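Report on one structure; see the data block that follows.
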Amino acid sequence: MKLSNITKVYGNGSLKVPVLHDINITIEDGEFISIMGPSGSGKSTLMNIIGFLDYPTTGTFELNGEKISSASEKKLAELRNKHIGFVFQQFFLLPRLNALKNVETPLIYAGVSKRERSDRAMQMLTKVGLKDRVKHLPSELSGGQKQRVAIARALVNNPSIILADEPTGALDSTTSKQIMELLVQLNNEGKTVIIVTHEDEIAEYTNRRIILKDGRITDDRRRTP
Ligand code: ADP
Ligand code: ADP
């Protein structure tokens, strides 16, 4: 994935708010990246662009060598469903659905049969260590278990990229470590993982740190082996 000269300006007319300036990032398959920086520096905006949730104002975006900066909304939605799994600080589970049904939801949109939905959701919940919690409602699960359900849901379409915006932001430090170890495992299995975090201890798990300040990249370095 390659972002070239990306800018983002919110609003129009006299209310223009420039948020990202001349962002250049090349992300190789299988990288594990943290995006850091102060509140308001543009981290969420950048994640939204990387995840095809939002268009840059200018600049180009290539995925697997294909320029997709000018793709239609429909095409962007397709790419998103195929390639990206999202994880958020607040989990965003559906409160009336049990863990299994929550994990199944992306497959409903993908038109997968009922039987296969249930099988695949079960497989993903087993992978994240929740085989014995599949019938629990979100309210019956701990924060860490809720985040595991959310990660299982992010994985169920078999995306190549996991985008996690503050995935440990609502968790205590022991639970945060467990969630990061799960993300390390997924990365070792070949997923590209990109997280936003404020915490050095969390960024320590990743292999590359990108620092944003006022919408510009001020540092981008890989872990020295
Ligand atoms: P959003 O991505 O929704 O704009 P923010 O990045 O503003 O959210 O902040 C998310 C949470 O992290 C908030 O609770 C905020 O107080 C906290 N936070 C923001 N910036 C920092 C920082 N530099 N160091 C520590 N915590 C921060
Ligand atoms: P971060 O995640 O680092 O906290 P954001 O990407 O959320 O930063 O926001 C960067 C800047 O863009 C902030 O000043 C924020 O107020 C502004 N911003 C974010 N979303 C919008 C929007 N939809 N319209 C206008 N300004 C926005």
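Computed packing ranks the peptides 95-107, 134-146 as 95-107, 134-146, most packed first, by mean other Cβ atoms within 10 Å.
Above 34 Å lies some portion of the pair distances; for the chain, what is it as a whole percent of all C-alpha pairs? Summing the P(r) tail past 34 Å for the chain gives 15 percent.
According to the calculation over all Cα-Cα pairs in segment 118-225, the P(r) per 5 Å bin from zero is 2, 11, 21, 23, 18, 13, 6, 4, 2, 0 %.
At 1.4 Å probe size, with the rest of the protein present, what percent of the exposed accessible area of segment 117-211 is carbon and sulfur atoms? Within segment 117-211, the accessible surface is 44 percent carbon and sulfur.
When peptides 78-88, 4-14 are ranked by their average number of other Cβ atoms within 10 Å per residue, the highest-first order is 78-88, 4-14. Decide, for segment 75-175, between rounded, prolate and oblate: order the square roots of the alpha carbon gyration tensor eigenvalues as a ≥ b ≥ c, take rounded if a/c falls under 1.5, and otherwise choose prolate if a/b is larger than b/c, else oblate. It is oblate, given that a/c is not under 1.5 and a/b is not larger than b/c. Cross-link partners of LYS213 among lysines, defined as those whose alpha carbon lies under 26 angstrom from its own and excluding same-chain residues fewer than eight positions apart: LYS2, LYS8, LYS16, LYS43. Among 147-158, 115-126, sorting by the average number of other beta carbon atoms lying within 10 angstrom of each residue, highest first, gives 147-158, 115-126.
Straightening the chain between LEU15 and SER72 buys 17.9 nm, computed as 0.36 nm per residue apart minus the Cα-Cα spacing. Compute the separation of the alpha-carbon centres of segment 29-83 and segment 178-225 and state it in Å as a whole number. Their Cα centres are 16 Å away from one another.
Using the Cβ-Cβ distance between VAL184 and ASP132 with R0 set to 22 Å, the FRET efficiency works out to roughly 0.45. Simple point charges give the picture: +1 on the Cβ of Lys and Arg, -1 on the Cβ of Asp and Glu, and for segment 21-176 a dipole about the Cα centre of about 880 debye. Counting only residues at least eight positions apart within a chain, or on another chain, the lysines with an alpha carbon under 28 Å from that of LYS101 are LYS74, LYS75, LYS82, LYS114, LYS127, LYS131, LYS135, LYS146, LYS177, LYS191.
The values are calculated or read from the model by the stated rules, or taken from the named source; none is laboratory data. Bear in mind that the values here come from a model prediction, so they are computed numbers and not experimental data. Note that each Cβ is placed from the backbone with ideal geometry, even for glycine, and that neighbours are counted across all protein chains shown. Only protein heavy atoms, including side chains, enter the accessible area calculation; ligands, DNA and RNA are left aside. Shrake-Rupley method; radii C 1.70, N 1.55, O 1.52, S 1.80 Å.
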